[in-house]
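Asks: Got a structure for you, questions after.
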Amino acid sequence: MLSIRQLAKTYAGPRQRTVLAGVDLDLAPGDYVAVMGESGVGKSTLLNLVAGLDRPDAGSIMLDGVLLAALDDDALTELRRVRMGFVFQAFHVLPYLTVAQNVALPLSLIGAADATAGRKVAAMLAAVGLADRAASLPRELSGGELQRVAIARALVHGPRLVLADEPTGNLDPESAAQVLRLLRDQVKANAAAGILVTHSRAAAQTADRILVLTREGLRESGVGPDFPAQGGAPNG
Amino acid sequence: MADAKGAVRPGPPVKEVGSDTTFPRVSAAGAVLRGSLAQNRVRAALAVLAIALGVALGYAVQLINQAAVNELAQGVQTLSGDADLEVRGPRGGFDENLFPRLARMPEVAVASPVVEVEAKLVGRDDALRIVGIDVFRAGFIQPGLVALPAERLDTLRPEAMFLSPAAMRWLAAAPGDTVRAQVALSDVPLRVAGELAAGGAQRFAVMDIAGAQAAFDRLGRISRVDLRLRPGIDTAAFAERLGGSLPPGIAVVRPEASVAASASLSRSYRVNLNVLALVALFTGGLLVFSTQAHAVVRRRAQFALLRVLGVTRRRLTALIVAEGALVGVAGSLVGLALGFALAHLAVRWVGADLGSGYFRGVTPALALDPAALAVFFALGVAAAVVGSLVPALETARTPPALALKAGDEQRAFAELRPVLPGVAALVLGAAATALPPVAGLPLFGYSAIALLLLGTLMLMPRIAVLALSLLPKPRPPAARLALAQLSGTPGQVTVSLAAIVASVSLTVSMVIMVASFRDSLDAWLERILPADVYFRAASGGDTAYLTPDVQAMVAALPGVRRVEFLREQPLLLDPARPRVVLQARTIDPASPGRNLPIVGTPVEVPARAPPPVWVTEAAVDLYGFAPGKVIELPIAGRAERFTVAGTWRDYARQQGTIAMERERYVALTGDRTVTNAAVWIAEGVDRATVQASIRDAIPGGDRLEIALPGQIREISLQVFDRTFAVTYALELAAVVIGLVGLSSSFGALVLARRREFGVLRHLGMTRRQIGTMLATEGLAVSGIGLAVGLVLGFAISLVLIHVVNRQSFHWGMELSVPWAGLAGFGLLLLALSTLTALASGRQAMGDEVVRAVKEDW
């Protein structure tokens, strides 16, 4: 479903900085991988390239057979709107919309009919355990609840690919564990593929595979000198 | 540390962590200021510019007005010299036999008689003030008026005159030249004998008093007597005693009172211009408010952190206000320099009267006045400080724990304040409209306008929520999101709108007021110009008139069906005020509305009551001459009693006009001369033919100013438009500042909502959709601002028409709303505002917002 070949990105400036080099990745529907790496190694850049929010300097990205490099900005945006979902570290739930309206936002952008959207939103809120908070405003929710809203929003329109960037970074251990479980379950339930970017080993272990991003590329993880052993809390 | 033998020796001193002074220290002030001004250079610059523009306009208007009044005062000072008191009478003069009586009084050291006329010059529109003096006496009191020519006897020669330097330049004259003055319809040649040393920028001439009396038909009459009292005499007490013994219509005043009386004529106009300029400054202050409001909300978490680290509420408030003060200081300094330059340009291009006609002929030298500098500097700083105060207080009040929460910045805009303060301000404003003027100025009227504006701004969040709820829900998601965003943050709408609501409402109110005034003036001209042809002896001055012979000639001309004559005579009722004008004219007492534009209902005068006169609205306001009241008027040196039979409207004069039947005037004074005439022509006769025959038949007919009603109307409206040109310029400045405020607000909002736009891009919103969202927000915000501005502007226009104008100029007018003009203005503003929002929100459609989702702050 997702195929990345020899992806590379360099940021120009007074001192050129190569952020990604030689990244390869294949994901099939249902695959749920975690990407770990040191700070500044390019994890968020990788997500931005996959999402079509930035252009690589080399390499290719194909999603469901569509080559991203061949699309212009509007086409990339449409692809992202229909086939991808995002979960951010800082939740980024719009504060002036209710929980239900936030979850419905991707459906509105796609142009789904109100009745259809209503059913899907209700189902999604139930799935994340927030059915009774549909009319609440974001400021009335806890961090864990907000991230569940974000997960619901990321999946309500049935995306093919879910990208989660440090989704538990702002959560307490208990909430983090709940969110990670929910994220994995919903990705699987919706037959999507998922990429979880995280610093936390425990969080990464909720994925099917752990990949490590280095300056040389992406490789399967093992317990090694790259990563200090971190046990316990998912975002510890 | 152990040495080779194992003994412990003290090692080098251990540096404590943190004691190294190379760590840069940042104070709370530095933390606040660095976070704002340096990071928002463009917005800070715009705020500085807005304050600068307001200060510049206010200072320029003040400079010009002050210089003109100072020049006026200096002119009066030159003419009055060292006089302690002046004895003044009607413009046409009083019996010269009063002079020896005054001169012989034991308290009087020197008495100097003066004949003063505004002489119509042949070939010139403006009159020249000619002062006739007794050179032997004037030398003691008004030495500046005494010339020292090579030919000393010229000061006594009846045909010789000496010009002030300004008059010399104006007439392009040189000693030996002849200047022709018009008396009645004849020429009186006067020889320029030299130039006076004194005079400043005032245009006047000095000649021998006997020569002036002979030349200008003032034999046996003088205009005033200047008195210098003996040392030790109580001036006030003497003035009171003397005043009680003078004939009616003659008063004793201090020379300063002449300045005050002259200046009072223009005072309302000057104050109105100052207020308009301050409106621009007020709008600039609102721009500072919106800039600061956005800036502090965006840095809410930073300020919360400072509070957590130990900065008190008071200190934080002071720091944010100090930020605003910096903007004020910078803006004021720039504004003062700009204002000085503007004043110079304005005097050069428009004239010292700024189009009003009050200071025509005065070319003042602009001077830096430290007091005015200080006042406008303080006003600029105050506007910026007050603009920063509300956001500062709000920020300091916010609990730090809440503010540290991500996304809390929207909470600041979501709050709806209680309605009571806003409603109270509106009610107070309405009440203030009922209060009388203070020292002749509509201060409560201005206060009412300020309160109405303030009250509306305070209620804006509620108004915005209501307006947004009434809008139909658009189908495109981007537009729907835009309206949802606005509905959820009504405070943000207010901040964005403050400057635009202020400038739109004040502009709309001025547009309605000026349109009402113009239409009322037009209708008034229609009523007062019923005849076919009008002519007068001269356009200016008080030396030209039409004799009874000329009147008879005109009445007998073929083609002339009827002629009505009019005599105007200034009367001194109150030395502290400009003279009222007495108009002796044809009036049908049974139906005065046929001859005068009567307002209200005329009063029927009982048969045994004093005879009727009809007074203007100004005379009612200034002298209390209400219909039905019996009043005394000094006519021909006697106090004559009259009954006020009605009120009429006179836009030509704001100092008051009193109309009486011409026959009665002639019977009281014996004066059969007239200044104006209105001619009705016979059916089938051409107007141009009658015009030509009037000019040809009368000796000196080429001196006459003859005009058709349409021409008079056109010129009058041109003068009106010129007078308000400066007003329109000041209003345009306010609108521009309002639009700049909107642009600055939108730019700040886009900055504050970067993460939100980044999320929307992640969710699949295209750049165009982001643009649609911004355009919808811009359209909605400016639409609300326009609607509120229109309604508020209408309300303020009523205050301007019925309170400010009435109390300033004593002119009533009928409301007339220029719907087409307002509609055009509204559409233009909507378009400009929407484009402004789009242009300011360019960043939101860029790539930087995508990365913003990762930012903490």
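Coordinate-derived values only; no laboratory data. Quick caveat: nothing in here was measured; it's all calculated off a predicted structure. Cβ coordinates were reconstructed from backbone atoms using ideal geometry, including for glycine residues, and neighbour counts include every protein chain displayed.
Asks: Relative to the first principal axis of the alpha-carbon coordinates of chain A, what is the inclination of helix A:143-155, with its axis defined by its Cα atoms, in degrees from 0 to 90 and to the nearest 10?
Replies: 80 degrees
Asks: Please work out whether segment B:653-803 counts as rounded, prolate or oblate from its C-alpha gyration tensor, where a ≥ b ≥ c are the square roots of the eigenvalues and a/c under 1.5 means rounded, while otherwise a/b larger than b/c means prolate and anything else oblate?
Replies: Prolate, because a/c is 1.5 or more and a/b exceeds b/c.
Asks: Could you derive backbone 3J(HN,Hα) for segment A:163-179 from the dihedral phi with the Karplus parameters 6.51, -1.76 and 1.60 (θ = phi - 60°), listing whole Hz in sequence and x where the residue is Gly or Pro?
Replies: 10, 10, 9, 6, x, 10, x, 9, 10, 6, x, 5, 5, 4, 4, 4, 5
Asks: Principal axis extents for segment A:32-94, Cα atoms only, whole Å, descending order, please.
Replies: 32, 31, 21
Asks: Calculate the FRET efficiency for A:Arg17 and A:Val66 from the Cβ-Cβ distance with a Förster distance of 25 Å, rounded to the nearest 0.05.
Replies: Approximately 0.30, to the nearest 0.05.
Asks: Beyond 45 Å, what percent of the Cα pairs of the protein assembly as shown remain?
Replies: Tail of the P(r) past 45 Å holds 52 percent of the pairs.
Asks: Quick one: if you stick a label point 7 Å off each Cα along the C-beta vector at A:Ala189 and A:Ala131, how many nm between them?
Replies: 1.1 nm
Asks: Which value, in debye to the nearest 20, describes the size of the charge dipole of the protein assembly as shown about its Cα centre when Lys and Arg Cβ atoms bear +1, Asp and Glu Cβ atoms bear -1, and nothing else is charged?
Replies: 2520 debye
Asks: Given Cβ point charges of +1 (Lys, Arg) and -1 (Asp, Glu) and nothing else, what value in debye, to the nearest 20, does the dipole of chain A about its Cα centre take?
Replies: 60 debye
Asks: Write down the percent of antiparallel bridges among all DSSP beta bridges whose residues are both part of chain B, to the nearest 5.
Replies: Around 75 percent of the beta bridges assigned by DSSP in chain B are antiparallel ones.
Asks: Show that you can apply the helix-only estimate: for chain B, add -39,500 (n - 2.57) for every DSSP H stretch of four or more residues, divide by all residues, and state [θ] at 222 nm to the nearest 500.
Replies: -18000 deg cm²/dmol
Asks: With springs connecting C-alpha atoms under 10 Å apart, model chain A as a Gaussian network and identify which of A:Met84, A:Met62, A:Met36 has the largest mean-square fluctuation.
Replies: Of A:Met84, A:Met62, A:Met36, the most mobile in the Gaussian network model is A:Met62.
Asks: Might you report the magnitude of the Cβ-based charge dipole of chain B about its Cα centre, with Lys and Arg at +1 and Asp and Glu at -1, to the nearest 20 debye?
Replies: Its charge dipole is roughly 3560 debye.
Asks: Could I ask something else about it? How much length is gained if the chain between B:Arg41 and B:Arg562 is pulled fully straight, taking 0.36 nm per residue apart and subtracting their Cα-Cα distance, in nm to one decimal?
Replies: Stretched out fully, the B:Arg41 to B:Arg562 stretch lengthens by 180.2 nm.
Asks: To continue, here is another question. Can you find, among B:Ala197, B:His344, B:Val679, the residue farthest towards the positive end of the dipole of the protein assembly as shown? Put +1 on the C-beta of Lys and Arg, -1 on that of Asp and Glu.
Replies: Result: B:His344.
Asks: Can you list the GluC sites (Glu not before Pro) in segment B:124-198 that are in a DSSP coil and have 13 or fewer other beta carbons within 10 angstrom?
Replies: B:Glu151
Asks: Ignore the peptide's own chain and count Cβ atoms of other chains within 10 Å of each Cβ in B:477-484; give me the average, rounded.
Replies: Counting Cβ atoms of other protein chains within 10 Å of each residue's Cβ and averaging gives 3.
Asks: By counting other Cβ atoms within 10 Å of each Cβ, how are B:Arg767, A:Arg215 ranked from fewest to most?
Replies: A:Arg215, B:Arg767
Asks: Which whole-number percent is the relative contact order of chain B (Cα, under 8 Å, 6+ apart)?
Replies: Normalised by residue count, the contact order of chain B is 17 percent.
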